[in-house]
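This report concerns only the one structure given below.
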Amino acid sequence: MVGYVTWIMMEKQSTKLGKTSTVVPHLVLVLVLIASACLGKETLPAVKDGDIIFHTSRSAQSVAVQRATGSPYSHMGLIVHRDGVPFVFEAIATVRPTPLEQWIARGTDGHFVVKRLRDADSVLTSSALVRLREEAQKFAGRPYDLTFEWADDRIYCSELVWKAYDRALGIQIGALQKIREFNLTDPAVRAKMQERYGNNIPLDEPVISPAAMFQSPLLVTVAEE
């Protein structure tokens, strides 16, 4: 919109000056569009590899996850850069990288929180980040785990990040819980559990939730919007 208004203004000014060429206004339009794109990129948070980002998903299971865990943050992922561009490595339909800007836009109201290891400057060395990316990459392409099992054949969002940090660096972000420890009495939670498990709910299955990782004292908030 800004580019279009600027173009119109330049056209009018060009007419007043008796110029018939549209080269100048077209050039200005291009420059304005480029500047707008650059400004858009600058609004992204200043993230680093290894950062962990959280938001409120708009998925079909989000409400149940929120109520079961008592937290608004129902989805999360790991920040990685590719050729200088930030991506979120996440478990959705499959484990894959998603451009950061797209990932943020997918959440409720564009809200997000970025957290970082409290001692990241000393722990996340270049070699440590290589190991972290390699461990996360091992899960690439695996399907999303709708039943939140602790096996590796299928993966859910917080499990992906937790296992990558644990296996690469021996860092366990957030405490594991058993399914029975969550709020299973909420109607939305009960309905989703019935849908996924029927009458055979594995109450003792270990689970790592986005809420547990969000609340970990090992992390500090570095960005929020």
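Observations, loosely collected:
- At q = 0.22 Å⁻¹ the log10 of I(q)/I(0) for the stretch 169-210 amounts to -0.76, computed by Debye summation with a single uniform scatterer per C-alpha, solvent ignored.
- Within the shell defined by Cβ-Cβ distances under 9 Å, the residues around D145 carry a net charge of -1, with Lys and Arg each +1 and Asp and Glu each -1.
- Aspartates and glutamates whose Cα lies under 12 Å from that of K48, excluding same-chain neighbours fewer than 8 positions away: D121
- One way to sum up the overall shape of the stretch 95-225 is the equivalent ellipsoid from its Cα gyration tensor, whose semi-axes run 27, 18, 16 Å, largest first.
- Put simply, the amide H of F87, placed in the peptide plane, has neighbours under 5 Å in V80, H81, R82, L100, leaving out anything fewer than 5 places away on its chain.
- With the highest mean first, a sort of the peptides 87-99, 183-195 on other beta-carbon atoms found within 10 angstrom per residue produces 87-99, 183-195.
- 20 Å cut-off, amide nitrogen to a point 7 angstrom out along H81 Cα→Cβ, residues in the stretch 126-163: 126-137
- A straight chain from T221 to S126 at 0.36 nm per residue would run longer than the Cα-Cα distance by 32.0 nm.
Read-outs: derived from the displayed coordinates by stated rules, not from any lab. Predicted, not measured: the structure shown is a model, and the values here were computed from it. In this analysis, Cβ positions are derived from the backbone assuming ideal geometry, glycine residues included, and neighbour counts consider all displayed protein chains.
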